[in-house]
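Colleague: If you scroll down you'll find the structure; I have some questions about it.
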Amino acid sequence: MEIAGIRFSLGDDCIAVKSGKIYMGKKYKTPSENLYIRQCLMENGHGAVTVGSEMAGGVKNLIVEECLFRHTDRGLRIKTRRGRGKDAVLDNISFKKIHMNHVMTPFVVNSFYFCDPDGKTEYVQSREAMPVDDRTPFIKRLDFEDIEAKNCHVAAAHFDGLPEQKIEEIIMKNVTVTYAENPKCDVPAMSEGVEACSKKGIFANNVKKLVLENVSITGQEGGAMTLLGVDEKIVR
């Protein structure tokens, strides 16, 4: 499916890619796949392009390119959590040739999204490793290439994977992030224990492989990167 040349301006996620909650994922086992989004304007929303949180059937082969994001809380926004199930696989999600302006946090991958009545339970929110079973989602490969994000407010990126099922691979190539002069303070992701901040760099937690090629973060407060539980980091 192709979405091209459309302006989205609303108070929620501009584009939300979903594939059902756990009972639908188990029943149909059908991912949302082969989606192509190009030459669109997303503005005044929570996320420019959001995946989840109802994605129990998985999302595969999503390409977003040559788009403009303005005044959204997040650019890419992945929302998942324990309980979505083993078919909730995210793979080959690619953002290319994107310009962002006044996006609060350009890149967010949140594996602890506190939706649903049980969203704040210990099972969903615990940062301790849980057993990998039929309830465990999986994030595989994410690619971000040729992206400029200026007037960022909260954080450059917030990647938070599950300790028992780490994000398999994140590749960032030719990515530039700069910050607003008077940034707003807010939480980069909606999960327990994430504090409000502003002008933070890249936060990556529980990622198997993180590739940073020609990535520039300038004007942040504190270090450019905070890496926890990253098995392999490649900087070029």
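The values are calculated or read from the model by the stated rules, or taken from the named source; none is laboratory data. Since this is a predicted model, take the numbers as computed values, not measurements. We place every Cβ from the backbone using ideal geometry, glycine too, and count neighbours over all the protein chains shown. For the accessible areas, the whole protein counts, side chains as well, though only heavy atoms, and no ligand, DNA or RNA atoms are used. Shrake-Rupley method; radii C 1.70, N 1.55, O 1.52, S 1.80 Å.
Colleague: So in region 159-189, with the set limited to residues that are acidic (Asp, Glu) and free of Cβ contacts under 8 Å to residues at least 60 places away in the same chain, which one is least open to solvent (accessible area, probe 1.4 Å)?
Modeller: Within region 159-189, the first condition is being acidic (Asp, Glu), and the residues that meet it are 160, 164, 168-169, 181, 186.
If we keep only those that are free of Cβ contacts under 8 Å to residues at least 60 places away in the same chain too, we end up with 160, 164, 168-169, 181.
Working: 160: 6, 164: 31, 168: 70, 169: 35, 181: 170 Å².
My answer is 160.
Colleague: Additional query: From the list 60, 29, 18, which residue is surrounded by fewer than 21 Cβ atoms within 10 Å (Cβ to Cβ), touching a residue at least 24 places away in the same chain (Cβ under 8 Å) and in contact with a Pro (Cβ under 9 Å, 6 or more places away or on another chain)? Spell out the reasoning first.
Modeller: On the way: 29 fails: in contact with a Pro (Cβ under 9 Å, 6 or more places away or on another chain); 18 fails: in contact with a Pro (Cβ under 9 Å, 6 or more places away or on another chain).
Result of the check over 60, 29, 18: 60.
Colleague: Of everything in region 32-52, what is open to solvent by less than 40 Å² (accessible area, probe 1.4 Å) and either in contact with a Gly (Cβ under 9 Å, 6 or more places away or on another chain) or more than 17 Å from residue 116 (Cβ to Cβ) (or both)? Give them in sequence order.
Modeller: 32, 35, 37, 40, 41, 42, 43, 45, 47, 48, 49
Colleague: Output the number of the condition that residue 121 fails; it satisfies all remaining conditions of (1) of a type in the set (S, T, N, Q); (2) in contact (Cβ under 8 Å) with a residue 12 or more places away in the chain; (3) within 28 Å of residue 24 (Cα to Cα).
Modeller: Condition not satisfied by residue 121: (2).
Colleague: All but one of (1) in contact with a His (Cβ under 8 Å, 6 or more places away or on another chain); (2) surrounded by 18 or more Cβ atoms within 10 Å (Cβ to Cβ) hold for residue 90; state the number of the condition that does not hold.
Modeller: Failing condition for residue 90: (1).
Colleague: While we're looking at this one, here's another question. Within region 93-128, restricting attention to residues that are among the basic types (Lys, Arg) and assigned to a strand (DSSP E or B), which residue is most open to solvent (accessible area, probe 1.4 Å)?
Modeller: Of the residues in region 93-128, the ones among the basic types (Lys, Arg) are 96-97, 120, 127.
Narrowing further to those that are assigned to a strand (DSSP E or B): 96-97.
Values: 96: 76, 97: 105 Å².
Among those residues, the one meeting the criterion is 97.
Colleague: Is it the case, given these coordinates, that residue 141 is charged (D, E, K, R), within 19 Å of residue 53 (Cβ to Cβ) and modelled with pLDDT of 95 or more? Talk me through it step by step, then tell me what you get.
Modeller: Values: charged (D, E, K, R): yes; within 19 Å of residue 53 (Cβ to Cβ): no; modelled with pLDDT of 95 or more: yes.
No.
Colleague: Going through region 63-83 one residue at a time, which ones are open to solvent by less than 10 Å² (accessible area, probe 1.4 Å) and in contact with a Lys or Arg (Cβ under 8 Å, 6 or more places away or on another chain)?
Modeller: 64, 67, 82
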